[in-house]
Amino acid sequence: MANQRPLISVICCAHNEEESVGKAILSILRALQGFSAEVLFVADRCTDNTVDIAGRYDVAIIEKKWKKWENSYAESLQTGYLEAKGTYVSIIDADIAVPINFFRYLLPMIRGDIASVAADVVVYPDTFWNRVFYAWEKTYNLAPLGKEPHGAARIILKSALDKIGGFQDVPAPDTNLDIRLVKEGYKSVAVPAIKTHHLRHLSLKKSVNGQIMSGRARYALGISLKRTIG
């Protein structure tokens with residue numbers, strides 16, 4: 001990566017993602033071609049081969065061997081943010097594959113009061129349960145209040161992120177980020193036209209647990225049941 005201040009700092013957080021991390025990083029680096037950028041790979045107490053695999057690529061590895069916050073993913077995001085030097089900060093999780101036009105399409109959308117833009121995240125339909133969940137996700141398009149921005153694949157104006165102090169110790173740091181940006185007069189928008197793929201292989205248990213965790217996170221942030229259904 002370039003030595004001068006990069007345009008984009010990508011924060012890629014991982015905890016034992018050896019199955020998907022190579023594909024995720026490769027997609028990020030391909031999408032960054034033509035941009036001055038840095039990729040900050042935050043490995044949170046990994047006990048598998050995640051760090052070894054990430055080390056094969058042109059990324060800066062931050063091995064996070066501590067847990068001081070209650071919510072470790074939020075702490076990983078903040079760890080990456082504190083090292084980020086770019087004009088823009090992008091969050092792309094280590095189990096997400098982004099398309100090659102991810103940055104070229106989304107970056108120009110950050111203008112005026114729009115400080116955060118998020119791509120759509122869909123499950124890659126390569127197994128039975130992934131296909132089931134992929135079909136279920138299509139119902140989100142019918143939501144009367146529309147889709148909310150995803151946290152796993154987005155770009156944020158760093159000066160706006162600086163203004164709110166980065167990320168907080170909460171179970172859903174992306175949704176919390178959007179709420180805090182709005183209070184400062186900014187907007188976060190979802191961009192369904194850009195599709196990213198969640199590479200993790202799901203099971204019925206994982207799918208149910210994921211929905212339960214999302215519900216608990218919304219409750220912790222004070223988001224009403226009416227808005228959740230909407």
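Could you check the spin-label model distance between Val182 and Asn101? Points 7 Å from the Cα along Cα→Cβ, value in nm.
Computed distance between label sites Val182 and Asn101 equals 3.0 nm.
Suppose R0 equals 30 Å; then what is the FRET efficiency for Trp66 and Asp162 from their Cβ-Cβ distance, rounded to the nearest 0.05? Display every interim value, and only then the final one.
On the way: r = 24 Å, r/R0 = 0.79.
That pair, Trp66 with Asp162, gives E of 0.80.
Express in nm, to one decimal, how much length is gained between Tyr57 and Gln4 on full extension, taking 0.36 nm for each residue of separation and deducting their alpha carbon distance. Please list the in-between numbers first.
Details: separation 53, 0.36 × 53 = 19.08 nm, distance 1.97 nm.
Separation in residues times 0.36 nm, less the Cα-Cα distance, equals 17.1 nm.
What distance in nm lies between label points placed 7 Å from Cα along the C-beta direction at Arg30 and Glu83?
Using points 7 Å along Cα→Cβ, the separation is 2.5 nm.
Could you give the dipole magnitude of the range 1-113 about its Cα centre, charging the beta-carbon of Lys and Arg +1 and that of Asp and Glu -1, in debye to the nearest 20? Each step should come with its number before you reach the end.
Values: 12 positive and 15 negative charges, 86 e Å.
Charge dipole, the range 1-113, about its Cα centre: 420 debye, nearest 20.
Here, each number is a calculation from the coordinates, and none is a lab measurement. Just so you know, these numbers come straight off a predicted model, no measurement behind them. Neighbour counts run over all protein chains shown; Cβ positions are idealised from the backbone, glycine included.
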